Amino acid sequence: MSKFIARVQLNSAEEADYETLNREIEKGPAVLKKKQVSVTADKIKKGEYNYRGNISLADVVSAVYRAIRKTGRDYSFTVMKNKGNFYPE
């Protein structure tokens, strides 16, 4: 079973853009949980998503890309493969 973490940054985004992103991400494969963080109004907002299942890196990247494109915002994102066996409580 593969585990991935995707972090998304939408440039010049409104709260509604992250709601759209969350809704579209949930349509993708094997999303475990999502976390939206807004440090301050002046800081960049980030969306963080965890994937687990019989999925490949390419599947995760494609799902994240499709979801981001629905927001219409400029973006950057990172997808990392989690190889650890650490499970926070």
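How do K83, K70, K27 rank when sorted from fewest to most other Cβ atoms within 10 Å of their own Cβ? Please report the intermediate quantities before stating the final value.
Numbers: K83 7, K70 14, K27 11.
Ascending number of Cβ neighbours within 10 Å: K83, K27, K70.
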Inset, instruction - Would you mind checking which residues have amide H under 5 Å from N82's amide H? H placed 1.01 Å from N; only 5 or more apart, or other chain. - result: K3, F4, I5
Inset, instruction - Net charge near I5: determine it from the other residues with C-beta under 9 Å of the C-beta of I5, scoring Lys and Arg +1 and Asp and Glu -1. - result: +2
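Rule-based calculations on the coordinates, nothing more; no lab input. Not measured: the values here are computed from a predicted model. Here Cβ is always computed from backbone atoms with ideal geometry, including for glycine, and neighbour counts include all displayed protein chains.
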